[in-house]
1. Once amide H atoms are placed 1.01 Å from N in the peptide plane, what residues at a sequence separation of 5 or more from residue 31, or on another chain, have their amide H within under 5 Å of its amide H?
2. Mind scanning 46/186; 180/218; 180/214; 50/82 and naming the pairs with a C-alpha gap bigger than 26 Å?
3. From the phi angles alone, apply the Karplus equation (6.51, -1.76, 1.60; θ = phi - 60°) to the stretch 91-104 and give each ³J(HN,Hα) in whole Hz, x where the residue is Gly or Pro.
4. Once amide H atoms are built 1.01 Å from N in the peptide plane, which residues 5 or more positions from residue 88, or in another chain, come under 5 Å H to H?
5. Near residue 23, within a Cβ-to-Cβ distance under 12 Å, what is the net charge of the other residues, with Lys and Arg +1 and Asp and Glu -1?
6. Can you tell me how the stretch 180-226 classifies by the Cα gyration tensor, rounded, prolate or oblate, using a/c under 1.5 as the rounded cut?
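Read the figures in this text as sums done on the coordinates, not as results from a lab. Since the structure is predicted, the reported quantities are computational estimates derived from the model, not experimental observations. Note: ideal-geometry Cβ built from the backbone for every residue, glycine included; neighbour counts use all protein chains shown.
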Amino acid sequence: MKTYGYCRVSTAKQNIERQERNIRAACPDAIIIKEVYTGTCFQGRKELEKILARVQAGDCIIFDSVSRMSRDAEEGFTLYEKLYCKGISLVFLKEPHINTDTYKHALTSGVRMTGTSVDLILDGLNRYLMELAREQIRLAFGQAEKEVSDLRQRTKEGIETARLNGRQVGLPKGQHLETKKAKEAKDFIRSRNKDFGGTLSNEETWRLAGISRKTFYKYKKELREMAG
């Protein structure tokens, strides 16, 4: 029996360490699998697919939230039932009411039959309990899907509001985000390379700057363009 902890972030602003801490707190021995994936397509979650291919009956997969498993309600519910039928335990730290153990309890704790005509009513009640459990799972996945949709809409509206107010959204056309490392390398080239009044040859410059030959010539070209 193995326990896997699956962590996933879909944007650079999300913190994958928080998910890992939560899973470690619940199960210190969990095998942590991390995935950074920008998007919502389930088929693109390669690390999760690897877990699904190797898990066996008796194994357990822990998710910080149901949204880490799937943001699509129907797809998430289908996968949930598939894993449940294979004997895989699923744990959702933020939605414990839909853990497979809870679902299993709902399916096996039905009212006992009496052997009389009352069983027609009891059978209907048991079926209702099973459907109620399934509906709770669908609702959880549906809520995760809605939250993603709402976030997209708020982001879209925020960008449009900024644009209408005359604010610059993103970098101006033709400008690129420059990292601290790139700036330091360009400063080094500008001050030390022979083509900018320094004493170092091209090879000496890129080696001492700690950058590749290709990057050196790219930065050198940008510096010349900036100089006019």
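1. 3, 4, 5
2. Result: 46/186 exceed 26 Å.
3. 10, 10, 4, 8, 9, x, 5, 10, 4, 4, 5, 5, 5, 4
4. Here the answer is 58, since their amide H atoms fall under 5 Å of that of residue 88.
5. +3
6. rounded
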